[in-house]
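Remarks on the structure that follows.
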Amino acid sequence: MSPIPLRSRVLEDISDQAKSVLLRDKEVLLTRLEDVHGVRVVARDAGFLLEGGDDLSQGKVVALLRKLVQIAQDAGEIEPSVLDVLLEAEGTQGLLADDFSRPILHDARGQAVRPRTLGQHRLVRAVRSNDLVFAIGPAGTGKTYLAIAMAVAALQRREVDRLVLVRPAVEAGEELGFLPGDLKEKIAPYLQPMMDALQELLPRPRFKEAMEDGTIEMAPLAYMRGRTLKRSFAILDEAQNATVPQMKMFLTRLGTHSRAIVTGDPTQVDLPAKTVSGLAHACEILDPVEGIRQVHLESRDQMRHPLVQSIIDAYDSHSALVRMNSNVGSRS
């Protein structure tokens with residue numbers, strides 16, 4: 001065996017499983033560590049050899065590697081964003097490897113549901129430590145899916161007795177009476193995205209039972225007036241289409257031992273012209289309130305088709321250009 005170079009360190013006793021996870025995808029995790037801290041990480045029989053850098057840099061890499069090893073051992077996989085989060089939290093008491101090892105829950109197929117991007121991880125941590133969270137971001141960033149996953153997990157742990165899933169029915173102007181069928185049939189088109197998420201997360205028999213016995217309730221926003229939600233997990237989806245009075249009405253429905261997530265995309269407001277969005281208004285006035293957290297997701301957090309992020313970025317760039325031209329025109 002060749003001699004170990006000066007200023008090197010050996011990290012040993014690493015399982016074959018954890019090691020194989022860290023070496024996947026052309027060792028992208030190890031390469032990122034090397035780029036950030038200037039320490040070369042070389043795979044060897046019993047683990048890893050660290051070369052170069054100073055003692056401080058090597059110490060940081062060892063600490064990060066130990067966390068990555070624990071996650072790989074417990075979860076069997078590591079999303080690249082996990083390292084981004086760990087790097088961001090360096091030097092703080094913040095993130096533990098356990099945060100990544102334990103899934104939110106297992107879906108109807110038995111697959112572990114975890115946050116997969118930096119923004120999604122921030123959202124999950126915010127929900128775990130706050131009773132009211134605003135999740136704001138573009139389409140496809142997992143706002144609704146993660147919100148419902150967190151709600152279902154809370155229900156499974158018996159932290160709440162029921163889930164209340166709410167959406168504004170903007171296209172029908174909240175006037176649903178003229179539509180055919182009973183209430184469930186009238187509101188079904190507006191609540192279908194949340195229904196899709198629930199059916200992915202819950203086995204069919206459990207989903208059907210929860211809907212029938214009222215453990216899971218879906219309703220248009222207008223039908224929440226006058227209610228008090230106790231021991232409930234409430235989700236207001238597409239909140240950019242709630243008016244200011246509707247938003248206030250929803251937020252003040254929360255009763256004892258209840259929690260809520262409000263999701264929305266400020267760029268997709270379908271309200272009539274000159275009507276202020278309740279989401280933007282609430283985020284502005286509630287920002288300093290303790291116990292309320294706002295998490296902003298970005299196009300890089302989207303998990304749909306790879307083209308979706310490019311589409312979102314293109315629309316954002318176009319909107320910025322239009323605003324700039326409008327401002328120039330108004331000044332001339």
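A few notes on this one:
- Considering region 145-185, and only residues there that are at pLDDT below 60 and touching a Pro at 6+ places or on another chain (Cβ under 7 Å), the residue that is farthest from K230 (Cα to Cα) turns out to be L176.
- Residue list for region 217-238, restricted to those being at pLDDT 95 or above and of a type in the set (A, V, I, L, M): A234, I235, L236
- Taken over region 11-26, the residue count meeting the criterion of being part of a helix (DSSP H, G or I), over 16 Å from I71 (Cβ atoms) and touching a strand residue (DSSP E or B) at 6+ places or on another chain (Cβ under 9 Å) is 0.
- Taking region 239-273 as the range and being under 23 Å from the mean Cα position of the chain (by Cα) and either free of Cβ contacts under 8 Å to residues at least 60 places away in the same chain or farther than 19 Å from A126 by Cα (or both) as the test, the residues that pass are Q240, N241, A242, M247, F250, P266, T267, Q268, V269.
- Pairs with Cβ under 9 Å, 6+ apart, first in region 9-33 and under 14 Å from V61 (Cβ atoms) and in contact (Cβ under 8 Å) with a residue 12 or more places away in the chain, second among the acidic types (D, E) and not in a loop (DSSP other than H, G, I, E, B): R9/E51; R9/D55; R32/D84
- Selection count, region 226-240, where residues are open to solvent by 10 Å² or more (accessible area, probe 1.4 Å) and closer than 18 Å to L271 by Cβ: 1
- Within region 106-120, the set of residues being among the polar types (S, T, N, Q) and not in a loop (DSSP other than H, G, I, E, B) comprises just one member, Q120.
- Look at (1) assigned to a loop (DSSP other than H, G, I, E, B); (2) modelled with pLDDT of 95 or more and you find that L271 fails only one, number (2).
- Taken over region 249-276, the criterion of being within 18 Å of R227 (Cα to Cα) and surrounded by 15 or more Cβ atoms within 10 Å (Cβ to Cβ) is satisfied by M249, F250, L251, R253, L254, S258, R259, A260, I261, V262.
- Residue within region 38-54 that is among the charged types (D, E, K, R), in contact with a strand residue (DSSP E or B) (Cβ under 6 Å, 6 or more places away or on another chain) and at pLDDT 85 or above present: yes
Quick grid of which residues meet (1) at pLDDT below 85; (2) within 22 Å of the chain's Cα centre (by Cα); (3) open to solvent by 70 Å² or more (accessible area, probe 1.4 Å); (4) within 28 Å of H121 (Cα to Cα):
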site: G278; (1), (2), (3), (4): no, yes, no, yes
site: V289; (1), (2), (3), (4): no, yes, no, yes
site: H296; (1), (2), (3), (4): no, yes, yes, yes
site: R300; (1), (2), (3), (4): yes, yes, yes, yes
site: M303; (1), (2), (3), (4): yes, yes, yes, yes
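- Residue list for region 218-238, restricted to those being within 25 Å of R125 (Cα to Cα) and not aliphatic (A, V, I, L, M): K230, R231, S232, F233, D237, E238
- Output for region 55-94, where each listed residue is part of a loop (DSSP other than H, G, I, E, B), out of contact with any helix residue (DSSP H, G or I) (no Cβ under 8 Å at 6 or more places or on another chain) and open to solvent by less than 70 Å² (accessible area, probe 1.4 Å): E79, A89, G94
The values are calculated or read from the model by the stated rules, or taken from the named source; none is laboratory data. It should be emphasised that the depicted structure is a prediction, and the values quoted were computed from it without experimental measurement. Because the Cβ atoms are built from the backbone with ideal geometry, glycine has one as well, and the counts that use them run over all protein chains shown. Just the protein is used for accessible areas: all its heavy atoms, side chains included, with ligands, DNA and RNA removed. Shrake-Rupley method; radii C 1.70, N 1.55, O 1.52, S 1.80 Å.
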